[in-house]
Amino acid sequence: MPSKKIARPKPSPTDYSTLQSYRLPALDTEFLLSDSMRGVRFMLEYAKAEERLREAGIRSTIVVFGSARTRPKHRWYAEARALGRIVSLRGGALQSDGIVRDNVIATGGGPGTMEAANRGACDVNAPSIGFNISLPHEQQPNPYSTPALTFQFHYFAMRKMHLAMRANGLVVFPGGFGTLDELFELLTLRQTGKINGLPVVLFDRAYWTSVINFDALAKADMIEPKDLKLFSYAESAEEVWQALVAGGVKTTSVKAAKPREA
């Protein structure tokens, strides 16, 4: 007697669009934000900013570090703003040949000194860059960096890399832990030869010599006496510019458009 055929139930329709396993990896946010994709996210933070900066023709920058706590009425703020104007007018940020721009002001994108430097560039209608960092207490971009050149990073290391890789000069205004971290990172790159010929200018000698005893480091043989020549001091925006030029930054004056009102 032939065996009776057993009817198999028909599979129920499946909405594959709801299955994480079926999503395209590039569209799977949960997957992209997983621990295993950390290296990919790190690479994306490099590539996105790099692509935008190349499209904008940004060949080189002047990086300005300083405290987010500096108030607009403080002398440091006024001088950082003046520096943003001077660098933008004399350094090549206003080039309009459609190819490259040099010595574009670049900051950490936040308030205080960073805002002041971006604001100075904005005063003369020059582009400037804001490399912002996502923080537990969210940092908002200041309103003066060029919107198309305002970036956000999750990884401090990649943010630092972008700040350093196009820098023709570094200007460091008074600041706290973050500013010190950024300063010593760049000084170490200069000291070890990873970056050559980068002029480093510390604004306000009295402040810096009160918080860091560089001479004591040399006296204790923690650095070479020659390392004290890796940086210089300045007391005004004009002095900063002259120190940058003495360190190799080239002057390229371009007539600015009508400055914006304060």
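The values are calculated or read from the model by the stated rules, or taken from the named source; none is laboratory data. Being a predicted model, the structure only gives us computed values, none of them experimental. Here Cβ is always computed from backbone atoms with ideal geometry, including for glycine, and neighbour counts include all displayed protein chains.
The number of residues in region 87-127 being within 19 Å of the chain's Cα centre (by Cα) and not in a strand (DSSP E or B) comes to 25.
Each row is one residue, and each column tells you yes or no for (1) crowded, with 19+ Cβ neighbours inside 10 Å; (2) over 10 Å from the mean Cα position of the chain (by Cα); (3) of a type in the set (K, R).
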| position | (1), (2), (3) |
| --- | --- |
| Q152 | no, no, no |
| Y155 | no, yes, no |
| V171 | yes, yes, no |
| L180 | no, yes, no |
| T188 | no, yes, no |
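Filtered by the rule that a residue be surrounded by 13 or more Cβ atoms within 10 Å (Cβ to Cβ) and either at pLDDT below 95 or out of contact with any strand residue (DSSP E or B) (no Cβ under 7 Å at 6 or more places or on another chain) (or both), region 205-227 gives Y207, T209, I212, F214, L217, A218, I223, D227. Checked across region 71-79, the condition of being within 20 Å of the chain's Cα centre (by Cα), aromatic (F, W, Y) and in a helix (DSSP H, G or I) holds for at least one residue. For region 166-197, give me each residue that is small (G, A, S) and not in a loop (DSSP other than H, G, I, E, B). Within region 166-197, A167, G169, G178 qualify. For the structure I just gave you, tell me whether F214 is out of contact with any Cys (no Cβ under 7 Å at 6 or more places or on another chain) and farther than 30 Å from Q95 by Cα. In short, yes. Inside region 83-100, can you point out the residues that are at negative phi and surrounded by fewer than 24 Cβ atoms within 10 Å (Cβ to Cβ)? Listed by number, the residues that qualify are R85, I86, L89, R90, L94, Q95, S96, D97, I99, V100. Contact map, region 159-184: first residue over 20 Å from A116 (Cβ atoms), second residue assigned to a loop (DSSP other than H, G, I, E, B), Cβ cut-off under 8 Å, separation 6 or more or different chains; pairs are A164/I195; R166/R59; R166/S60. What is the number of the single condition among (1) surrounded by fewer than 21 Cβ atoms within 10 Å (Cβ to Cβ); (2) of a type in the set (A, V, I, L, M, F, W, C); (3) not in a loop (DSSP other than H, G, I, E, B) that L163 does not meet? In the conditions (1) surrounded by fewer than 21 Cβ atoms within 10 Å (Cβ to Cβ); (2) of a type in the set (A, V, I, L, M, F, W, C); (3) not in a loop (DSSP other than H, G, I, E, B), L163 misses (1) alone.
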